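Below: one structure, written as structure tokens.
Derivation of every value follows stated rules applied to the coordinates shown; laboratory data play no part. All of these numbers come straight from a predicted model, not from anything done at the bench. Positions of Cβ are backbone-derived with ideal geometry, glycine not excepted, and every protein chain shown enters the neighbour counts.
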Amino acid sequence: MASKIRRIGIVVVLALILSLGIVLLSFSYSEARLTCEIGTGGFSSPVYDLSTVPQSVAEDATGLAKGLFGDRQKKCDDFVSQLLSVYLEAKDKNFVIVFNPGGWGWSLPELSPGWWSILGGIKSELDSSGYKSLLLDYRRTGETLRGCLNEFAEMITRYPSKAKDLAARVEFLTDNISDLRVIIAGESNGVVISDSVMNILEGNPQVYSIQTGPPFWHKNLTLDRTLLITNNGLNPDSFSRGDFLVMIWSNLKSLFGASSTKDGSGTILYYFRAPGHEYRWQYPGVYSQIMDFLDKNFGVE
């Protein structure tokens, strides 16, 4: 009898969580933003004279917004303004690199030393090969309780709304800038949304992805035009492998001051150490794999 009541209780709790997730998903688009060039502190794109945008591009943005938001005019206007501002930033570029942070999805790349170095390295290599590139940050979560709950609901369902939002923004750019190539970058939890976007845009040959340290529970859907890195060249990624014993032992050693700072350890939720979960441009397993990927796909040597 007690076990039956316990099972009923579990079902009720799960139903409540699912219901909360469905409610929160309805607010997904309200907080996600594609911000201006990385390194500016994550402020929104600078104000442009949107009247300079070709009419066909403006109409495409308007139609896309209405398809996503219907008659919610304020959301439509904000989305169109974002699309057109990013279009004006990207229209004379060869590459746009869109970064999806790990964690809850609100961290600025400047505050993620590993990927800050990777983004700088990729941009430097593209620039040295004569390409013009633009770095953008997809801040998918607001720093609020509702934002955290929404992010959790999206993450466990593979980002059905946020991935659709980002995919729409990327396809808008590739549809209206014919020679543009977009690299969807993601770290840790950001790999999940990056992979979902690549799955949506699987038929778009202008879109590529570079991903590091996916969560152990995530299995990539799309590997075409995707570089997935799970070893930084110093240690295998214990978080990606789900190697809990290694992570627990590392945290115990850290607690007693016996851990190494040179083993490529990253952190999960700010404090929990995960050996091999840090990725930096200079690490042997990072630089070599990314350079091979850039050379194979874009002739960057």
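Key figures for this structure:
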{"read-out": "Rounded to the nearest 20 debye, dipole of segment 121-206 from Cβ charges on Lys, Arg, Asp, Glu", "value": "180 debye"}
{"read-out": "Between segment 118-174 and segment 277-297, the Cα center-to-center distance that results, in Å", "value": "19 Å"}
{"read-out": "Amide N of segment 226-254 lying under 20 Å from the label point, which is placed 7 angstrom from the Cα of Asp292 along Cα→Cβ", "value": "226-238, 240-241"}
{"read-out": "Amide H partners (placed H, <5 Å) of Leu136, local residues excluded", "value": "Ile38, Ile97, Val98, Phe99"}
{"read-out": "Among the listed pairs Lys123/Lys162; Lys132/Lys162; Lys219/Lys296; Lys66/Lys162; Lys66/Lys164; Lys91/Lys123, those beyond 19 Å (Cα-Cα)", "value": "Lys123/Lys162; Lys132/Lys162; Lys219/Lys296"}
{"read-out": "For Thr226, Thr144, Thr212, order by how many other beta-carbon atoms lie within 10 Å, fewest first", "value": "Thr144, Thr226, Thr212"}
{"read-out": "For segment 50-65, 3J(HN,Hα) per residue [Karplus equation, 6.51 cos²θ - 1.76 cosθ + 1.60, θ = phi - 60°, Hz, x = Gly/Pro]", "value": "5, 5, 7, 6, x, 4, 5, 5, 4, 5, 4, 4, 5, x, 5, 4"}
{"read-out": "Karplus-derived HN-Hα couplings along segment 210-218 (A = 6.51, B = -1.76, C = 1.60, θ = phi - 60°), whole Hz, x at Gly and Pro", "value": "10, 10, 10, x, x, x, 5, 7, 9"}
{"read-out": "Kirkwood Rh and Cα Rg combined as Rg/Rh, segment 30-231", "value": "0.94"}
{"read-out": "Amide hydrogen neighbours beyond the local backbone of Gly102, cut-off 5 Å, H modeled", "value": "Glu187, Gly190"}
